[in-house]
Every structure is written in C-alpha cells, then in structure tokens.
Ligand code: COA
Ligand code: MG
C-alpha cells in the first residue's frame with residue numbers, strides 16, 4: 001500500500017540534512033586490491049558493487065569479501081553503500097542478508113523500474129526490523145525508470161520508504177535505448193534533466209553516471225562540469241584517478257564561499273531580520289539565496305571535515 005504521508009525533511013528541493021556526495025566511487029567487491037585501497041581514498045562515498053562488475057560464478061566470493069571488510073575496516077566519514085543484484089535475481093536475497101549483517105549506510109538497488117521496486121526493497125529491510133537509518137538508493141538506468149522517475153521519487157519520500165538518492169546509470173540506458181556514447185551527451189541530456197527534476201521535486205539527492213574512459217581526465221572534468229551545471233550533486237566514479245576532479249568540479253570554490261558568507265552576513269545585519277529582499281551593491285538578494293548560501297556553507301564544512309579525515 002502506497003501512502004501519501006511524507007517522511008521527515010522537506011517535501012521538495014534538496015535533501016535534509018545536506019550530505020556531501022561529490023565523488024561516489026564504485027569498487028568491485030571481487031577486487032581485493034581495490035577494496036583494500038578504498039578506505040584511504042578521498043572520495044565522499046563508496047559503492048561496494050556486487051552487481052555488474054562481479055561475474056555470476058563469483059558472487060558468493062564477493063559477499064565474503066565484503067563481510068570481512070566491514071568487520072575490520074574503518075571508512076571514517078565516507079558513506080558506505082552496497083549495490084546488490086537486481087531484486088528479481090536469485091542473488092538478491094543473499095545480498096540483502098549480507099547488507100543486514102554489514103550495516104552500510106545504504107543499499108543501492110539496480111535496474112529499478114517502478115515505485116514497486118523501492119517498496120519491495122523497503123519491505124525486505126522492514127521484515128528484518130532494520131532501523132530507518134539504513135537507507136535505499138536507486139539506480140535510474142532503464143527506459144522505464146526514466147519514464148517513472150517522478151513516481152519513484154514521490155513514493156520514495158512517503159513515510160518509512162527510506163529512499164535518499166538516485167544514481168543515473170548510462171551504460172545500461174545506452175544499451176537499452178540505442179543512444180550511443182558521444183561527447184556532450186546531447187541526446188541523453190533531456191533524460192538526465194528529467195531525473196534531476198524528479199529528484200528535486202521530492203527532495204532526493206541525485207548522482208550523475210560514470211565516465212568509462214578513466215585515462216582522459218580532461219574529458220572527465222568537462223563531463224563533471226556539465227553534470228554540476230545540470231544540477232547533480234556528484235558523480236559515480238570507476239577509478240581513483242577520477243576522485244580529485246569530481247571533488248573539485250562538484251566542490252565549492254573560494255569565490256562561491258565568499259559569496260555565501262556575504263549573503264549570510266547581509267541577512268544577519270541589524271534591521272535585516274524582517275526583510276525578504278536586500279540591495280547589496282546594486283544586486284537584489286532574496287531570502288531564498290540565504291537558504292542556498294547556508295546549504296553551500298554546510299556542504300563546504302563537510303568537505304573540510306573529509307579533507308581532515310584523510311590519512
Ligand atoms: N576502486 C579502488 N581502487 C581502484 C579502483 C576502484 N574502482 N580501480 C582501480 N583501482 C586501483 C587498482 O587496484 C590499482 O591499485 P595499485 O596501483 O595499488 O595496484 C590502481 O587503482 C590503478 O589501477 P589501474 O591499473 O589504472 O586500473 P585497473 O586495470 O586495476 O582497473 C578497472 C581498471 C576499470 C577494471 C577498475 O578501475 C574497476 O574495476 N573499476 C570499477 C568498475 C565498476 O565498479 N563497475 C561497475 C559500476 S559502473
Ligand atoms: Mg548497470
């Protein structure tokens with residue numbers, strides 16, 4: 001039964017509280033060397049992947065790797081997400097059992113098509129009495145998911161539904177639609193914007209798709225810049241070499257921080273408490289800019305904290 005009551009936080013706009021998700025690195029759960037490296041990397045979040053990057057005959061071995069890793073490794077302030085196999089696959093139940101024993105920050109459901117998929121994942125967690133702090137992320141990577149993005153986001157924000165974040169997956173989407181990979185992503189942009197809009201309509205975070213070419217960092221940074229301009233919070237990454245560029249492109253420049261401080265100080269000046277619009281050096285600043293500035297400062301402070309957490 002899909003209820004219409006909203007969960008905590010704002011119904012629209014940005015997620016609350018602000019989370020830092022500039023760089024979301026995927027690590028194949030089968031790759032021991034990469035798993036060992038992950039806790040020392042400067043990414044904001046790590047997706048431990050049991051799905052596309054793990055061959056069918058090695059799924060159990062991959063689960064064992066994660067079980068050991070979560071028992072021993074400390075990931076500091078990085079968010080830890082486990083991507084399970086599709087809910088319709090034979091692996092999904094064992095993957096979910098692993099999630100419940102590892103207790104990551106979130107479980108990422110691939111190939112979500114409809115709100116029902118998010119509901120199903122939520123029911124699996126509810127049946128195990130998992131606390132609501134264990135969240136759900138959804139891959140938006142099928143034609144149906146793009147068409148249903150708003151309905152998925154709306155359901156995901158109903159009370160108890162746990163959905164926090166969309167991650168776009170263009171490799172699968174290109175395969176299913178026949179739209180080829182090309183610089184600028186011209187024919188994919190309308191779909192990407194639809195996903196961003198759906199996420200924002202219901203207060204979800206939204207992460208841009210991976211770039212497969214991890215050697216061409218100039219093209220990668222250009223794509224990060226495009227993602228930022230489209231409104232994404234960050235990018236899913238496949239290689240450590242991509243972390244620095246993503247953190248920079250989705251990060252907060254000195255100028256942006258100075259601007260945010262100026263807006264905050266303008267609204268805290270004497271006499272400004274009952275004003276909604278202020279003239280600052282010939283520019284109109286509205287109270288909505290104050291909200292934006294406060295959110296930017298909150299994220300910049302999390303970025304600072306992450307920098308300090310690095311070994
Ligand atoms: N996470 C952590 N470490 C990684 C990594 C990742 N995703 N990808 C590579 N590394 C490490 C390697 O282990 C290697 O470590 P070392 O120098 O200590 O030996 C170092 O970074 C350099 O790696 P490199 O030799 O350039 O690449 P590779 O051939 O080892 O791996 C890929 C290339 C594409 C196979 C690998 O990056 C990868 O599997 N990425 C993730 C794929 C994925 O998750 N796909 C599913 C989502 S789309
Ligand atoms: Mg995929």
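The values are calculated or read from the model by the stated rules, or taken from the named source; none is laboratory data. Quantities reported herein were computed from a predicted structural model and do not represent experimental measurements. Neighbour counts run over all protein chains shown; Cβ positions are idealised from the backbone, glycine included.
A few notes on this one:
- Qualifying residue in region 165-172 (condition: more than 16 Å from ligand 1 (Cβ to nearest atom) and closer than 20 Å to residue 23 by Cα): no
- Residue, surrounded by the most Cβ atoms within 10 Å (Cβ to Cβ), within region 266-275, restricted to residues that are in a loop (DSSP other than H, G, I, E, B) and in contact with a strand residue (DSSP E or B) (Cβ under 9 Å, 6 or more places away or on another chain): 272
- Only one entry of 219, 229 meets the criterion of being touching a residue at least 24 places away in the same chain (Cβ under 8 Å) and within 29 Å of residue 189 (Cα to Cα), and that entry is 219.
- Residue check, residue 60 more than 17 Å from the chain's Cα centre (by Cα), surrounded by 18 or more Cβ atoms within 10 Å (Cβ to Cβ) and modelled with pLDDT of 95 or more: no
- Tally, over region 276-290, of residues that are touching a residue at least 12 places away in the same chain (Cβ under 8 Å), outside any strand (DSSP E or B) and surrounded by fewer than 16 Cβ atoms within 10 Å (Cβ to Cβ): 1
- The condition of being farther than 17 Å from residue 234 by Cβ, at pLDDT below 95 and assigned by TED's automatic domain parsing to the domain that holds residue 106 holds for only one of 40, 10, that being 40.
- When region 21-43 is filtered for residues that are away from ligand 2 (no atom under 16 Å from the Cβ) and crowded, with 24+ Cβ neighbours inside 10 Å, the ones remaining, listed by number, are 21, 22, 23, 43.
- Of residues in region 236-265 being part of a loop (DSSP other than H, G, I, E, B) and touching a helix residue (DSSP H, G or I) at 6+ places or on another chain (Cβ under 8 Å), the one farthest from ligand 1 (Cβ to nearest atom): 252
- Condition broken by residue 105, with the remaining ones in (1) away from ligand 1 (no atom under 15 Å from the Cβ); (2) over 18 Å from the mean Cα position of the chain (by Cα) satisfied: (2)
- Test: residue in region 104-126 that is crowded, with 22+ Cβ neighbours inside 10 Å and at positive phi: yes
- Residues located in region 44-57, provided they are surrounded by fewer than 20 Cβ atoms within 10 Å (Cβ to Cβ), away from ligand 2 (no atom under 16 Å from the Cβ) and closer than 22 Å to residue 207 by Cβ: none
- Check on residue 146, crowded, with 23+ Cβ neighbours inside 10 Å, under 19 Å from residue 202 (Cβ atoms) and more than 16 Å from ligand 1 (Cβ to nearest atom): no
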